[in-house]
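To start, the structure under review is shown below, and the notes come after it.
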Ligand SMILES: Nc1ncnc2c1ncn2[C@@H]1O[C@H](COP(=O)(O)OP(=O)(O)OP(=O)(O)O)[C@@H](O)[C@H]1O
């Protein structure tokens, strides 16, 4: 994890300098708190002796200065620290998206994957602003305060150092160990909860119709219950840790009173400094108050980062986008196709789609038509043989997803830079007459089946394409709607290489050539 975090830090312009600045500002804010308490204590003690008011001026200015600087430093530290953390998060998220764009991560559960990309990536922010910066800045302040107090009374400063090590190091360390297992598990369980919720939302009607909703809900509630128990355990540990920290602060105050009192009685310490000695530990211990939680956050962030690492380290499957090229754009030569880790689906396959040609790929269900398309698109590598592919592929998937957003945004998935005119043109070519700003329901629920296919087709047509791969374009459509859609498809595909996977004989009949898989 350390390596990944350092990499992210270095990927941010002046990352290390920003980190050092945020740590310095946090230390300055905490030091101002401690100094405020120390100077106030001295001022009160001195004022009790009724000196001429001028004698108190410097301390009064000090109180005001530290009171203001505490807030000012804290504010700027939050700005600098969060700015750095958000930049690191954005670098990590871009890397994760980049990785995902080059791999299919076949077989990954999507709810869990989403949790990794959204929640787990955000853990880097916690790691910077809640763990690293507070821990480093607090160490500086502990050292500084101990050295300062040692100038007045060495024994008292040593007791303060010991109490600070107890409250700021040992207690958070214990808190981290005590809830290590549940904190780690909770990160994976959040992914499991997202998986369960997603599955339940998608399969709700089927589960209800088959009376299986109770069992599915039960499984989800089990995960929810586990998460609640993990939270409870974490909160219990935090409670005990906070009590121990308060006890440590109390011990530091009482010890300072006892040691300081004896030193005053022995004439080794000015009476005015007794209050400084006694009250400073209170301010110092305030610095550690969130450390038990930070220690638990550290475990969770570690677990989250290793889950992100798994995505980043996953073997890329497929080739991603390729540049448009000259000559033969699409060809399978003596290729064996199949899914990574699985058995071959088709062997010794030869397939060429020439410019302007319409080729139908037919065959019984499960024979491997979609697998051939996935191989041609570079989503999966061939198990053997050659695949040649150059140019931009437009793919109309069998189950193309329609997003719950506007018509225009759904179309722009095919070309994010498309202007309104280009979007309208793609819709027209796909034979769909819908306002661009009309918002569509979840998974296209407010559109008819035919309209959903046309919208997905418009998405394919809005970009510059050299090859169109259409997977079952007429599936679930009645005869007339299918015929009308295909008229628009052929008009739009004029001059392009087109590969149509179909069970529809009339679609195959309209092609120049039919390739049958057996
Ligand atoms: N994502 C996947 N991961 C692993 N195996 C898969 C995947 N998709 C399909 N398969 C397997 O590959 C084989 C071929 O499936 P494919 O979807 O290519 O057939 P198809 O000819 O397109 O079928 P249909 O006409 O029913 O759509 C099947 O045995 C299927 O179980």
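The values are calculated or read from the model by the stated rules, or taken from the named source; none is laboratory data. All values derive from a computational prediction rather than experimental measurement. For neighbour counting, all protein chains shown are included, and Cβ atoms are generated from backbone atoms with ideal geometry for every residue, glycine included.
Consider the stretch 484-513. How many of its residues are within 16 Å of the ligand (Cβ to nearest atom) and under 24 Å from residue 392 (Cβ atoms)?
Residues meeting the conditions: 5.
Pick out the one residue from 119, 89 that is closer than 27 Å to residue 192 by Cβ and at pLDDT 95 or above.
Details: 119 fails: at pLDDT 95 or above.
Only one candidate passes the filter, namely 89.
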Task: Candidates 130, 95, 74 - the one that is modelled with pLDDT of 95 or more, assigned to a helix (DSSP H, G or I) and touching a helix residue (DSSP H, G or I) at 6+ places or on another chain (Cβ under 9 Å) - done: 74
TODO: Taking only the stretch 340-366 into account, find how many residues are in a loop (DSSP other than H, G, I, E, B), surrounded by 13 or more Cβ atoms within 10 Å (Cβ to Cβ) and within 13 Å of the ligand (Cβ to nearest atom).
DONE: 4
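Return the residues of the stretch 369-381 that are within 14 Å of the ligand (Cβ to nearest atom) and either within 16 Å of residue 102 (Cα to Cα) or surrounded by fewer than 20 Cβ atoms within 10 Å (Cβ to Cβ) (or both); say none if nothing qualifies. Walk me through how you get there before you give the answer.
Start the filter on the stretch 369-381 by keeping residues that are within 14 Å of the ligand (Cβ to nearest atom), which leaves 369-377, 379-381.
Result: 370, 374, 375, 376, 377, 379, 380, 381.
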- [ ] Tell me, please, whether a residue that is free of Cβ contacts under 8 Å to residues at least 60 places away in the same chain, in a loop (DSSP other than H, G, I, E, B) and under 18 Å from residue 489 (Cβ atoms) can be found in the stretch 371-386.
- [x] no
- [ ] Please work out if residue 288 is assigned to a loop (DSSP other than H, G, I, E, B), under 25 Å from residue 173 (Cβ atoms) and modelled with pLDDT of 85 or more.
- [x] yes
Open item on the list: Let me spell it out: the conditions are (1) more than 16 Å from the ligand (Cβ to nearest atom); (2) touching a residue at least 40 places away in the same chain (Cβ under 8 Å); (3) out of contact with any strand residue (DSSP E or B) (no Cβ under 7 Å at 6 or more places or on another chain); (4) assigned to a loop (DSSP other than H, G, I, E, B), and residue 391 meets all of them except one. Which number is the exception?
Closed with: (3)
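Here is a list: 475, 516. Which entry is over 43 Å from the mean Cα position of the chain (by Cα), in contact (Cβ under 8 Å) with a residue 40 or more places away in the chain and within 16 Å of the ligand (Cβ to nearest atom)? Spell out how you get there, then give the answer.
Working: 475 fails: over 43 Å from the mean Cα position of the chain (by Cα).
Answer to the selection: 516.
Select, from 399, 417, the only residue that is within 16 Å of the ligand (Cβ to nearest atom) and out of contact with any helix residue (DSSP H, G or I) (no Cβ under 6 Å at 6 or more places or on another chain).
Values: 417 fails: within 16 Å of the ligand (Cβ to nearest atom).
None of the other options fit; the residue is 399.
Out of curiosity, is residue 276 in the same structural domain as residue 165 (by TED's automatic domain parsing), under 48 Å from the mean Cα position of the chain (by Cα), at pLDDT below 95 and surrounded by 15 or more Cβ atoms within 10 Å (Cβ to Cβ)?
Values: in the same structural domain as residue 165 (by TED's automatic domain parsing): yes; under 48 Å from the mean Cα position of the chain (by Cα): yes; at pLDDT below 95: yes; surrounded by 15 or more Cβ atoms within 10 Å (Cβ to Cβ): yes.
Taking the combined requirement at face value, the residue satisfies it.
Could you tell me whether any residue of the stretch 67-77 is closer than 30 Å to residue 375 by Cβ and either under 19 Å from the mean Cα position of the chain (by Cα) or surrounded by fewer than 20 Cβ atoms within 10 Å (Cβ to Cβ) (or both)? Outline the logic, then answer.
Kept after step one, since they are closer than 30 Å to residue 375 by Cβ, are these residues of the stretch 67-77: none.
No; the residues of the stretch 67-77 include none that is closer than 30 Å to residue 375 by Cβ and either under 19 Å from the mean Cα position of the chain (by Cα) or surrounded by fewer than 20 Cβ atoms within 10 Å (Cβ to Cβ) (or both).
State yes or no: is residue 456 closer than 24 Å to residue 478 by Cβ, in contact (Cβ under 8 Å) with a residue 12 or more places away in the chain, surrounded by 14 or more Cβ atoms within 10 Å (Cβ to Cβ) and in the same structural domain as residue 486 (by TED's automatic domain parsing)?
Details: closer than 24 Å to residue 478 by Cβ: yes; in contact (Cβ under 8 Å) with a residue 12 or more places away in the chain: yes; surrounded by 14 or more Cβ atoms within 10 Å (Cβ to Cβ): yes; in the same structural domain as residue 486 (by TED's automatic domain parsing): yes.
Yes; evaluated as a whole, the condition is true for this residue.
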Task: Sole residue being surrounded by fewer than 13 Cβ atoms within 10 Å (Cβ to Cβ), modelled with pLDDT of 90 or more and part of a helix (DSSP H, G or I), chosen from 261, 239, 234 - done: 239
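Considering only the stretch 295-339, state which residues are modelled with pLDDT of 80 or more and in a loop (DSSP other than H, G, I, E, B). Give the derivation first.
Taking the stretch 295-339 as the starting set, the residues that turn out to be modelled with pLDDT of 80 or more are 295-314, 331-339.
314, 338, 339, listed by residue number.
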- [ ] Could you tell me whether the stretch 441-455 includes any residue that is within 30 Å of the chain's Cα centre (by Cα) and either within 16 Å of the ligand (Cβ to nearest atom) or assigned to a loop (DSSP other than H, G, I, E, B) (or both)?
- [x] yes
- [ ] Could you tell me whether the stretch 101-108 includes any residue that is part of a helix (DSSP H, G or I), surrounded by fewer than 16 Cβ atoms within 10 Å (Cβ to Cβ) and assigned by TED's automatic domain parsing to the domain that holds residue 299?
- [x] yes
